[in-house]
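Taking it in order: structure first as structure tokens, then the write-up.
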């Protein structure tokens, strides 16, 4: 399940009921992000607090969304990343692709 809150043009998405970011969650999330970005510029913040594992389909979706954000000029950020997920990001060498922050910082957009 995805929890969604909004501050100005920023959508903050979190996942309170799961510790795994898998193919099922990634499909649901990508559909939601596509709806947000249809109407122009916005800021999307994924709050990964509580997520301790991301499978290959989850990472593929994150990279796809990050590249689409760059092309379409909207902001896509990830925050509250667990040590386990940070290690996976490092192993897969996604540090240059994914914008990762230690905590959720949402300034007016």
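The values are calculated or read from the model by the stated rules, or taken from the named source; none is laboratory data. What you see is a predicted model; the values in this text were computed from it and never measured. For neighbour counting, all protein chains shown are included, and Cβ atoms are generated from backbone atoms with ideal geometry for every residue, glycine included.
Just a few scattered comments:
- The numbered conditions (1) modelled with pLDDT of 95 or more; (2) more than 19 Å from residue 20 (Cα to Cα) are all true for residue 53 except (2).
- Within the stretch 98-108, if we keep just the residues that are closer than 17 Å to residue 70 by Cβ and not in a strand (DSSP E or B), the residue that is modelled with the highest pLDDT turns out to be 98.
- The stretch 56-77, residues that are surrounded by fewer than 18 Cβ atoms within 10 Å (Cβ to Cβ) and closer than 22 Å to residue 16 by Cβ: 57
- One residue alone among 82, 102 is in contact with a strand residue (DSSP E or B) (Cβ under 8 Å, 6 or more places away or on another chain) and free of Cβ contacts under 8 Å to residues at least 40 places away in the same chain, and that residue is 102.
- Between 90, 95, the distinction of being surrounded by fewer than 12 Cβ atoms within 10 Å (Cβ to Cβ) and in a loop (DSSP other than H, G, I, E, B) belongs to 95 only.
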